[in-house]
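Enquirer: One structure, as structure tokens, below. Some questions next.
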Amino acid sequence: MVNPSEAVLSLKDVTLSLSGNAGMVEILHGISVDVRKGETLGLVGPSGSGKSSLLMIVGGLERATSGSVQALGQDLTAMDEDQLAKFRRNHMGVVFQSFHLIPTMTALENVATPLELAGDRDAFDKARAELDAIGIGHRADHYPAQMSGGEQQRVALARAAAPRPEILLADEPTGNLDGVNGEAIMDMLFGLRDRHGATLVLVTHAPALADRCDRVVTLTDGRVKTDAKRSAMTEAAE
């Protein structure tokens with residue numbers, strides 16, 4: 001646990017309850033996690049442990065039932081939907097397992113869209129430069145259906161990174177990819193962190209991806225089971 005004054009992200013006693021067929025279901029129980037600037041945090045655990053729900057709360061895409069969620073010193077739990085959307089646009093990039101590209105837009109248009117929404121007059125030039133930087137500039141004028149899964153995930157990464165967010169969130173970014181493409185996406189994720197200094201929080205089932213994180217938080221049944229730095233994990237493995 002880090003000093004909250006140093007934290008880019010700070011979650012305190014976060015709970016999440018959602019309505020299901022059998023009534024209210026408790027998804028998260030008293031989660032407290034802080035993340036420093038530039039740190040890479042991996043969220044791991046079995047299916048249904050609450051990893052993706054926790055990531056959605058960090059991104060303001062899901063509201064905590066109780067507790068506090070602060071990002072860059074601002075209280076996300078006090079924001080309305082419009083304020084949350086603006087905060088994400090200005091400070092966060094999000095990458096999903098299923099890419100979420102707009103099918104009627106080219107790769108270039110997909111990457112340029114968040115820049116345009118932010119009023120950037122150089123949106124298309126910056127989008128093209130981002131596609132070139134991750135080795136997919138030759139696909140700029142192609143639509144998602146014309147690209148492989150690995151290429152679509154590269155475009156999704158470029159779209160998330162182009163606005164230079166302080167916080168980058170990724171939910172199973174290699175989950176739909178084969179080994180070669182998954183390794184390439186891993187390299188790109190950590191390359192973005194290294195080049196732009198973003199704080200990276202990712203959900204993964206891939207041990208190789210978790211092993212590259214500075215810290216790994218393991219969730220079980222909606223609770224933090226372990227919170228360990230990489231050095232501690234390495235010593236434990238030995």
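Enquirer: May I ask you to derive the relative contact order of the stretch 142-238, considering only C-alpha pairs under 8 Å and at least 6 residues apart, and to give it as an integer percent?
Expert: On the way: 89 pairs, mean separation 21.4, N = 97.
Relative contact order comes out at 22 percent.
Enquirer: Would you mind listing how long the stretch 61-135 runs along its three principal axes, going by Cα atoms, in whole Å with the largest first?
Expert: Here the spans come out as 42, 28, 22 Å, largest first.
Enquirer: Kindly report the accessible area of the stretch 82-185 per residue (heavy atoms of protein chains, probe 1.4 Å, no ligands, DNA or RNA), in Å².
Expert: Per-residue accessible area for the stretch 82-185 comes out at 46 Å².
Enquirer: Per residue, how much accessible area does the stretch 8-47 show when a 1.4 Å probe rolls over the protein heavy atoms, in square angstrom? Provide the component values of the computation, followed by the final result.
Expert: On the way: 1790 Å² over 40 residues.
Spelled out: the 1.4 Å probe surface of the stretch 8-47, per residue, equals 45 Å².
Enquirer: If you roll a 1.4 Å probe over the stretch 142-207 with all protein chains in place, what percent of the accessible area is carbon or sulfur? Each step should come with its number before you reach the end.
Expert: Values: 1200 of 2360 Å².
Exposed carbon and sulfur together represent 51 percent of the surface.
Enquirer: Using modelled amide H (1.01 Å from N, peptide plane; none on Pro or chain starts), what sits under 5 Å from the amide H of Leu168, excluding residues fewer than 5 places away?
Expert: Gly93, Thr199, Leu200, Val201
Enquirer: Run the simple label-point estimate for Asp132 and Arg89 please: 7 Å along Cα→C-beta, distance reported in nm.
Expert: 2.8
Enquirer: Oh, and also: Rg and Dmax in Å for the chain, alpha carbons only: what are they?
Expert: That works out to 17.7, 53 Å for Rg and Dmax.
The values are calculated or read from the model by the stated rules, or taken from the named source; none is laboratory data. As the structure is a prediction and not an experimental result, all values here were calculated from the model. Cβ atoms come from the backbone with ideal geometry, glycine included; neighbour counts cover every protein chain shown. The protein model used for the area step is the full one, side chains on, heavy atoms only, and it has no ligands, DNA or RNA in it. Shrake-Rupley method; radii C 1.70, N 1.55, O 1.52, S 1.80 Å.
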